[in-house]
1. Can you find a residue that is more than 30 Å from residue 229 (Cα to Cα) and part of a helix (DSSP H, G or I) anywhere in the stretch 86-99?
2. Evaluate the stretch 211-233: report whether one residue or more is within 30 Å of residue 78 (Cα to Cα) and free of Cβ contacts under 8 Å to residues at least 12 places away in the same chain.
3. Would you mind stating whether residue 243 is in the same structural domain as residue 103 (by TED's automatic domain parsing) and under 13 Å from the mean Cα position of the chain (by Cα)?
4. Going through the stretch 70-112 one residue at a time, which ones are among the hydrophobic types (A, V, I, L, M, F, W, C) and over 26 Å from the mean Cα position of the chain (by Cα)?
5. Has the stretch 84-105 got at least one residue that is more than 30 Å from residue 168 (Cα to Cα), modelled with pLDDT of 75 or more and out of contact with any Phe, Trp or Tyr (no Cβ under 7 Å at 6 or more places or on another chain)?
6. Sort through 123, 98 and tell me the only one that's touching a residue at least 40 places away in the same chain (Cβ under 8 Å) and under 30 Å from residue 222 (Cα atoms).
Amino acid sequence: MKKQEHLSNKILIWTIYSVLIIYTLTILLTLIWGLMTSLKSNIDFLYGGNVLGFPKPSKSGDELTKLKNYTLILENFKFEKTVRFFSGSREIVHRADLDFFALLYNTVLYAGGSCVLLAFVPLLMAYMCQKYPCKVSKIIYNVNLFVMILPIVGGTPATITLLRRLNLYDNFLGNFVLKFNFTGMYFFVYYAFFQGVSNAYIEAAEVDGASQLNIFVRIILPMAAKIAGTIMLIQFISHWNDYNVPLLYLPTKPTLAYGVFHMVIINSSGPLSKVPIKVAGCMVLALPILTVFIILKEKLMGNISLGGLKE
């Protein structure tokens, strides 16, 4: 009986490993294909039939070392858009005429600000609810649980209308107001984390005369720094690659992801219409965030552990 259980566990483990390996290979092969394609000329890719192979010098004599496709992206990338909407009876017109570096600035601002808010606000609320239990804390916890079980759908038109009435539509302040919320999975992650933090830390600090703000800043935040950093990294990657929210709420404040989407859809002709150049635009979006993850993964994605006092 034990041998059968051991064999079944072994099969299950190898099955999981196999699925993870296949999934990892699909991601890596996609990135490798994108990098190779971004270094090809359109003649090599389209007319030479070299869709899956390594880049070859084009018939026109272009050298791969010049990274011509990336140069074309930096020199010719333009985002032009006009948005008209009504705030009450007043018509408002927003226009955008931005280059690549303006989109890069918007991306850093959007992803950086959003990841800080989405990591810090749930942390603060989860700490208050777990360490200072009361009726309000229970209500907040249950509301969050209700939202997770039954997500609110169809609220986008109402949200856009409200932002327009408050003059917060199509600007980063309005976006950060939307991000300033504690709902979501990470509230429960923080809540479970603080359940494992001994109250002896807080009580000892209170005996020494520390205020609640000092306790939170000097004791709680350092303890939660690793998990908060991990969540910030995840949120930063998610928002770096996000084009849906900027498309809806920041139509003339585009990020790189929104800009690449716009480039692929709009540019049916011109210098940026070729497939290798569009893939180069996607790689410009992917490579920086891949580099950030590789540099920080050991520091932020390790095991989350906490030493504490035994009660």
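1. Within the stretch 86-99 (the criterion being more than 30 Å from residue 229 (Cα to Cα) and part of a helix (DSSP H, G or I)), the answer is no, since none of the residues qualifies.
2. No, the stretch 211-233 has no match at all.
3. Judged against the criteria, residue 243 is a match.
4. 72, 85, 86, 92, 93
5. No, that holds for no residue.
6. Within the list 123, 98, the selection yields 123.
Residue-by-condition table, conditions (1) over 28 Å from the mean Cα position of the chain (by Cα); (2) hydrophobic (A, V, I, L, M, F, W, C); (3) closer than 30 Å to residue 252 by Cα:
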| position | (1), (2), (3) |
| --- | --- |
| 127 | no, no, no |
| 138 | yes, no, no |
| 144 | no, no, no |
| 153 | no, yes, yes |
| 171 | no, no, yes |
| 196 | no, no, no |
| 207 | yes, yes, no |
| 214 | yes, no, no |
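The values are calculated or read from the model by the stated rules, or taken from the named source; none is laboratory data. Just so you know, these numbers come straight off a predicted model, no measurement behind them. Ideal geometry is used to build each Cβ from the backbone, glycine not excepted, and the neighbour counts take in all protein chains shown.
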